[in-house]
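To keep things clear, I will list the structure first and then write my remarks on it.
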Amino acid sequence: MIRLLIADDESLLRLAFRMVFEAEPDMEVAGEAGEGEEAARMARQLRPDVVLMDVRMPGLDGIEATRRIVRDCPRSRVLILTTFDLDEYAFAGLKAGAVGFLPKNTRPAELLSAIRHVAAGEAALSPRVTRRLLERFAPQLTPGAPERDERLAQLTSREHEVLLQVARGLSNAEVAAALHLAEATVKTHLSRVLLKLGLRDRAQVVVFAYESGLIRG
């Protein structure tokens, strides 16, 4: 059973989400929050599997609430709800630790699929979408020099190659083809990259690569 926390300041939208989720046999709504402070507090109390997070809420906004949930509830995965497909809030949400973002007008079937993927530990959006977002907002990043990040020294040469390919927006299958590896081997290398760099998912791999200066635009 996937336990959900809905964070949105519009009560009618929360009700609509609840109706969609409770019609699914593998989902339950653990709680609802109408503001960011409440969302962060409820996440600590309820430990949901997935948090649907609006960004524009009174008081504490959804970005800071996401940052707190990621810090305090490492097993809870946050999906940012945005007005547009690629906007500054989606960008800020990924930097805060969200695993992905969805426009508010996403169709129910797509929303449910994204939630199931996220709950299973998979990406909520394709690496290409993540990269397009970062390319658009790259001027807001402050890239550093790759050699300054000591974590990179822990990677093997193959792991470094996998990191770069994922950061450029390739899927596991595409990385496997580019590096002449089995897809299962790519998954193993990526898991080790995440562990060594202290990252949660593919979205953070892309953010890390841009901020560390490994790739630029």
key: segment 57-116 - Rg and Dmax from Cα coordinates, angstrom   = 11.5, 31
17 Å Cα-Cα reach of K187 towards aspartates and glutamates, excluding residues that sit fewer than 8 places from it in its own chain = E122, E159, E161, E174, D201
inquiry  = Leaving out ligands and nucleic acids, and using a 1.4 Å probe, what accessible area per residue does the chain come to in Å²?
reply    = 47
key: Inter-site label distance for R192 and M19 at 7 Å from Cα along Cβ, in nm   = 5.1
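For E122 and E211, FRET efficiency with R0 = 25 Å and r from the beta-carbon atoms, rounded to 0.05? Mind dumping the intermediate values first?
Numbers: r = 23 Å, r/R0 = 0.93.
That gives a FRET efficiency of 0.60.
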query = Tell me, Kirkwood radius of the chain from alpha-carbon pair distances, in Å?
reply = 17.7
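How many percent of the accessible area of the chain is carbon or sulfur, using a 1.4 Å probe?
Details: 5170 of 10300 Å².
Here it works out to 50 percent.
What order, most packed first, do the peptides 36-43, 56-63 have when packing is the mean number of other Cβ atoms within 10 Å of each residue?
Numbers: 36-43: 22.5, 56-63: 18.6.
Packing proxy ranking, top to bottom: 36-43, 56-63.
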inquiry  = In segment 17-32, whose amide N lies under 14 Å from the spot 7 Å out along Cα-to-Cβ of Q45? List them in ranges.
reply    = 30-32
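The values are calculated or read from the model by the stated rules, or taken from the named source; none is laboratory data. In this text, all values refer to a predicted model and were calculated from it rather than measured experimentally. Every residue, glycine among them, receives a Cβ derived from its backbone with ideal geometry; neighbour counts consider all protein chains shown. All accessible areas refer to the heavy atoms of the entire protein, side chains included, with ligands and DNA or RNA removed. Shrake-Rupley method; radii C 1.70, N 1.55, O 1.52, S 1.80 Å.
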